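Visitor: The structure under discussion is supplied below as structure tokens; questions concerning it will follow.
The values are calculated or read from the model by the stated rules, or taken from the named source; none is laboratory data. A quick note: this is a predicted structure, and the numbers were derived from the prediction, not measured. Glycine gets a Cβ as well: all are built from the backbone with ideal geometry, and neighbour counts include every protein chain shown. SASA here: full protein model, heavy atoms, side chains in, ligands and nucleic acids out. Shrake-Rupley method; radii C 1.70, N 1.55, O 1.52, S 1.80 Å.
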Amino acid sequence: MAAEALDAVIHAPARLRIVATLAALPDGDNLSFTRLQDILELTPGNLITHLRKLEDAGYVTSETTGNGRASRTTTTLTGQGRAALDTYTEALRELLAGL
């Protein structure tokens, strides 16, 4: 398997860290935006940008509840995102095994 098989959406370091962090949770569990930001040490703008790309690919979903200061956004890895991470991991293993 060639390097081209690596999913470019996941391959970006920050997005890989986001997906891996969410994949460590039990299926269907979520993290708040602020908790994810704290864990990954990303700025809010940087995290939002990467989450949008992952959402556009169908790998994560975000849900905002409440209004104004009382609002809370949570992020969950989708089944498609979990499968994409598994495929990415396998492609990376095959790539490294061929070295």
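Visitor: Just give me the residues in the stretch 31-44 being under 17 Å from Gly81 (Cβ atoms) and outside any helix (DSSP H, G or I), in sequence order.
Guide: If the condition is that a residue be under 17 Å from Gly81 (Cβ atoms) and outside any helix (DSSP H, G or I), then Leu31 is the only one that fits.
Visitor: Does Arg52 qualify as being under 27 Å from Glu90 (Cα atoms), out of contact with any Phe, Trp or Tyr (no Cβ under 9 Å at 6 or more places or on another chain), open to solvent by 30 Å² or more (accessible area, probe 1.4 Å) and outside any strand (DSSP E or B)?
Guide: So Arg52 passes the test.
Visitor: Oh, and also: I'd like the residue in the stretch 31-48 that is among the polar types (S, T, N, Q) and open to solvent by 70 Å² or more (accessible area, probe 1.4 Å) and, out of all such residues, is nearest to Thr73 (Cα to Cα).
Guide: Ranking the qualifying residues of the stretch 31-48, first place goes to Thr34.
Visitor: With the checklist (1) in contact with a helix residue (DSSP H, G or I) (Cβ under 8 Å, 6 or more places away or on another chain); (2) part of a helix (DSSP H, G or I) in hand, flag the one item Arg69 doesn't pass.
Guide: Arg69 satisfies all of (1) in contact with a helix residue (DSSP H, G or I) (Cβ under 8 Å, 6 or more places away or on another chain); (2) part of a helix (DSSP H, G or I) except (1).
Visitor: Is the stretch 1-16 home to any residue that is among the acidic types (Asp, Glu), within 21 Å of Asp86 (Cβ to Cβ) and surrounded by 13 or more Cβ atoms within 10 Å (Cβ to Cβ)?
Guide: yes
Visitor: Could you tell me which residue of the stretch 17-30 is surrounded by the most Cβ atoms within 10 Å (Cβ to Cβ), considering only residues that are touching a residue at least 40 places away in the same chain (Cβ under 8 Å) and assigned to a helix (DSSP H, G or I)?
Guide: Ile18
Visitor: Those residues that are open to solvent by 60 Å² or more (accessible area, probe 1.4 Å), among the hydroxyl-bearing types (Ser, Thr, Tyr) and free of Cβ contacts under 8 Å to residues at least 40 places away in the same chain, I need them from the stretch 55-99; list them, please.
Guide: Thr61, Thr64, Thr65
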